[in-house]
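Asks: This structure is in structure tokens; I'll ask about it shortly.
The values are calculated or read from the model by the stated rules, or taken from the named source; none is laboratory data. Here the structure is a predicted model, which is why all the values come from computation and not from measurement. Note that we place each Cβ from the backbone using ideal geometry, even for glycine, and neighbour counts take in every protein chain shown. Ligands, DNA and RNA are excluded from the accessible area calculation, which covers all protein heavy atoms including side chains. Shrake-Rupley method; radii C 1.70, N 1.55, O 1.52, S 1.80 Å.
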Amino acid sequence: TVDALLYGTSRNGELALFIKVGNQPPVKLPIGTTADKCVWAPGSGLIAYCAVPTKAPAASFLSEWYQGAAHTTDVWWKIEANEKTAEKFFVPDTRANFDVEDAAIDEMGTFIGWRDAADKSLWLLRISE
């Protein structure tokens, strides 16, 4: 099996997400989010799903987000680690805003569940391929 790693950085409020596959050098993905908003799909395909804020956060975002004082409005992106690509996967309509925390995926890779960091409501997204 090949190991893969997603990790994020923050500098002056700008979030960046990187993918590292095996011994290859890390590659910066075209999205900015924290790895806490990502889940790996089961299986050997090295696919992850990440919630990405729709607007650039403030410079102090990470500290405030971890304290529950700042929130984002997220959309879901699909990351294919072997291809080092990211594409939008799910954009909710304007009535459904959520700030993803505690994301998880079921063992079949059919559903992503998470809690909204703002109001603690539970969300479930069916992954259809």
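Asks: So, with +1 on the Cβ of K and R and -1 on the Cβ of D and E, and no other charges, what is the size of the charge dipole of the range 61-129 about its Cα centre, to the nearest 20 debye?
Replies: Details: 7 positive and 14 negative charges, 25 e Å.
Roughly 120 debye for the range 61-129.
Asks: From the phi of every residue in the range 66-72, what ³J(HN,Hα) in whole Hz does the Karplus formula 6.51 cos²θ - 1.76 cosθ + 1.60 yield, where θ is phi - 60° and glycine or proline is x?
Replies: Result, ordered by residue: 5, 8, x, 9, 10, 9, 10 Hz.
Asks: Also, I was wondering about something else. How much of the accessible area of the chain, probe 1.4 Å, is carbon plus sulfur, in whole percent?
Replies: Values: 3790 of 7510 Å².
Result for the chain: 51 percent of the exposed heavy-atom area is carbon or sulfur.
Asks: When the helix-only estimate is applied to the chain (DSSP H runs of n ≥ 4, each -39,500 (n - 2.57), divided by the residue count), what is the mean residue ellipticity at 222 nm, nearest 500 deg cm²/dmol?
Replies: Numbers: 1 runs with 6 residues, N = 129.
Rounded to the nearest 500, the figure is -1000 deg cm²/dmol.
Asks: If you don't mind, there's one more thing I want to ask. Can you give me the long-range amide H partners of residue 127? Hydrogens built in the peptide plane at 1.01 Å from N, cutoff under 5 Å, separation of 5 or more residues or another chain.
Replies: Placed amide hydrogens put 111, 112 under 5 Å from residue 127.
Asks: Still on this structure, please answer the following. Quick one: which residues, 5+ away or cross-chain, put their amide H under 5 Å from the amide H of residue 70? H built at 1.01 Å from N.
Replies: 65
Asks: Give the long-range amide H neighbours of residue 4: residues separated by 5 or more places, or on another chain, with amide H under 5 Å away, using H modelled in the peptide plane at 1.01 Å from N.
Replies: HN-HN under 5 Å from residue 4: 22.
Asks: Would you mind getting the accessible area per residue of the chain, heavy atoms of the protein chains only, 1.4 Å probe, in Å²? Please list the in-between numbers first.
Replies: Values: 7510 Å² over 129 residues.
Per residue, the chain has an accessible area of 58 Å².
Asks: Could you state the orientation-averaged shadow area of the convex hull built on the Cα atoms of the range 72-116, in nm² to one decimal?
Replies: Approximately 3.9 nm², given one-decimal rounding.
Asks: Moving on to the next point. Pick from 59, 81, 41 the residue whose mean-square fluctuation is largest in a GNM of the chain, springs joining Cα atoms under 10 Å.
Replies: Comparing 59, 81, 41 in the GNM, the peak value goes to 59.
Asks: Taking the Cα centre as origin and putting +1 on Lys and Arg beta-carbons and -1 on Asp and Glu beta-carbons, what dipole magnitude results for the range 25-112, to the nearest 20 debye?
Replies: Working: 7 positive and 12 negative charges, 70 e Å.
Result for the range 25-112 is approximately 340 debye, rounded to the nearest 20.
Asks: Apply the Karplus parameterisation 6.51 cos²θ - 1.76 cosθ + 1.60, with θ equal to phi minus 60°, to every residue of the range 27-43 and state each ³J(HN,Hα) to the nearest whole Hz, in sequence, with x for glycine and proline.
Replies: Working through the residues one at a time gives 10, 6, 7, x, 10, x, 7, 9, 4, 4, 9, 10, 9, 8, 6, x, x Hz.
Asks: Given a 1.4 Å probe and heavy atoms of the protein chains only, how would you sort 34, 73, largest accessible area at the top? Could the numbers behind the result be given before it?
Replies: Numbers: 34 15, 73 55 Å².
The ordering from most to least exposed comes out as 73, 34.
Asks: Report ³J(HN,Hα) in whole Hz for each residue of the range 100-109, in order, from the Karplus equation J = 6.51 cos²θ - 1.76 cosθ + 1.60 where θ = phi - 60°; Gly and Pro get x.
Replies: For the range 100-109, the Karplus curve yields 5, 9, 6, 5, 8, 10, 6, 5, 8, x Hz.
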